[in-house]
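See below for the structure under consideration.
The values are calculated or read from the model by the stated rules, or taken from the named source; none is laboratory data. It should be emphasised that the depicted structure is a prediction, and the values quoted were computed from it without experimental measurement. Here the Cβ positions follow ideal geometry from the backbone for every residue, glycine too, while neighbour counts run over all protein chains shown.
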Amino acid sequence: MIQNHSAAASLTGGLTLREAVPADFDQIGALLSERGEPDDAIDHRLVVTDPDAGPSACAVVVDGDRVVSTATLLDEEVRIGGVRLPAGQVELVATDSAYEGRGLVRALMHWAHERSAARGHVVQAMIGIPYFYRLFGYEYAIDIPQALNVNSLPPADAAATLRAARPSDIPAMAALQASAQSGFDVTMPHAAACWRWLLEHESSNLLVLEDDDTVIATARTTPPGEGVLLAEAAARDEVAARALLSGVAALAPGAEMQAVHRAGTVTGNAWQEFLDHEPRRGADQYYLRIPDAAALLDRLRPLFWQRLTAAGIDRTGRDIVLSTFGAHHRIPVLPDGLGEVVTGGAIQSPGSVGGAGVAPDHLAALLFGPHGIEGLTRIRPDVYAADEELFQVLFPALTADVLSYYLPY
């Protein structure tokens with residue numbers, strides 16, 4: 001086991017896991033390009049040379065001087081009901097094909113999770129290949145909105161100019177995204193460093209729509225090719241939203257185009273008539289990992305109290321009991337708020353004490369997901385509540401909007 005996230009650790013077969021250093025960057029880039037996409041090398045360089053991240057954000061497994069596996073941890077923030085949760089996101093994971101099957105990714109994920117804990121993160125979020133990251137404690141929790149076919153276009157707006165974003169546009173873009181995310185229960189905005197990386201990397205294009213020297217809309221698109229994906233769209237008003245859609249389409253005339261639907265936002269409302277809303281397969285989801293349930297629940301106490309008081313529910317003098325079956329968490333209800341979380345041993349029948357039960361692999365979905373406890377109880381036999389009124393208020397169905405470094409499409 002790795003006891004110190006910054007120390008080198010010996011692995012089997014004479015391999016060593018350690019933090020990356022600048023001398024590794026060329027090898028890391030070559031490995032990422034070989035096992036992933038050529039642009040991954042550029043993205044890695046942007047992260048490890050950024051003052052907010054630096055080389056220590058990345059770890060490598062080396063065989064002598066040869067880099068044979070790597071992973072990078074990014075700093076993120078998940079926001080829910082006014083509570084800001086420091087979070088981590090693992091990206092840029094790759095292993096030399098000759099070294100697969102030797103547990104190197106597992107060791108790197110352990111390093112990332114230790115580093116994440118040391119940085120104060122109480123949750124990790126990521127996009128990953130199906131199932132694989134469940135092996136490391138991640139579970140599917142937050143729906144990824146679908147990319148819908150664009151069937152028709154609004155008239156072009158000759159007064160507005162669509163152009164590549166510049167560093168000076170970051171405050172305006174961030175403000176537009178904050179406005180777009182304001183209607184969602186759970187959000188993850190771009191960090192300041194991420195905005196810088198998005199301006200420089202080549203996996204997507206960051207655009208702004210400008211009118212009279214004022215940025216009125218923004219979006220990310222995939223590079224023009226056989227088709228165009230329009231994502232992370234945000235606009236000042238519906239006029240700007242329609243101009244954004246027609247402007248992006250004009251970048252690749254005749255190409256098939258899809259737009260990610262952000263329900264309830266300015267762009268989501270303005271584009272209703274132009275998108276094909278035919279239901280498709282079930283939604284993909286973001287992975288979440290909760291390393292310490294008690295620590296996360298403790299951070300969420302102000303939100304739980306807000307929900308209780310808004311619903312007019314008074315359970316003063318009683319404990320809220322949430323069991324994950326192998327352990328349980330008690331939150332005392334005081335006259336003026338909720339007390340600190342107290343964790344105890346297994347409670348196999350939490351209903352007998354008026355509590356709720358949730359299997360640990362459903363906890364992330366309960367706290368952040370679109371079903372709430374009411375929906376989960378209909379599809380998961382190991383999620384239930386004795387006091388339905390209380391727990392439906394504490395754990396409602398939530399909407400979410402996540403902005404991640406890589407587009408999940």
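Can you tell me which residue is surrounded by the fewest Cβ atoms within 10 Å (Cβ to Cβ) among those in the stretch 198-233 that are over 22 Å from N151 (Cα atoms) and of a type in the set (D, E)?
Taking the candidates together, the pick is D213.
Determine whether P171 is under 28 Å from D39 (Cα atoms), touching a His at 6+ places or on another chain (Cβ under 9 Å), surrounded by fewer than 20 Cβ atoms within 10 Å (Cβ to Cβ) and at pLDDT 95 or above.
no
Is at least one residue of the stretch 151-163 more than 21 Å from the chain's Cα centre (by Cα) and among the charged types (D, E, K, R)?
Scanning the stretch 151-163, I find at least one residue that is more than 21 Å from the chain's Cα centre (by Cα) and among the charged types (D, E, K, R), so the answer is yes.
Of all residues in the stretch 137-150, count the ones that are in a loop (DSSP other than H, G, I, E, B) and more than 21 Å from R262 (Cα to Cα).
2
Which condition number in (1) in contact with a strand residue (DSSP E or B) (Cβ under 8 Å, 6 or more places away or on another chain); (2) within 23 Å of L288 (Cβ to Cβ); (3) surrounded by 15 or more Cβ atoms within 10 Å (Cβ to Cβ) is the one that G351 fails?
Of (1) in contact with a strand residue (DSSP E or B) (Cβ under 8 Å, 6 or more places away or on another chain); (2) within 23 Å of L288 (Cβ to Cβ); (3) surrounded by 15 or more Cβ atoms within 10 Å (Cβ to Cβ), only one is false for G351: (2).
Take residues that are charged (D, E, K, R), modelled with pLDDT of 95 or more and more than 27 Å from the chain's Cα centre (by Cα) and tell me which of the strands (runs of 3 or more DSSP E) falling wholly in the stretch 310-409 contain 1 or more.
Output list reads 319-323, 328-334.
Which one of these does L153 not meet: (1) in contact with an Asp or Glu (Cβ under 9 Å, 6 or more places away or on another chain); (2) not in a helix (DSSP H, G or I)?
Of (1) in contact with an Asp or Glu (Cβ under 9 Å, 6 or more places away or on another chain); (2) not in a helix (DSSP H, G or I), only one is false for L153: (1).
Name the strands (runs of 3 or more DSSP E) wholly within the stretch 28-136 that hold at least 1 residues that are within 30 Å of S182 (Cα to Cα) and of a type outside the set (G, A, S)?
By residue number, 66-80, 83-95, 123-126.
Can you name every residue in the stretch 216-234 that is among the β-branched types (V, I, T) and over 16 Å from L199 (Cα atoms)?
Passing the criteria: I216, V228.
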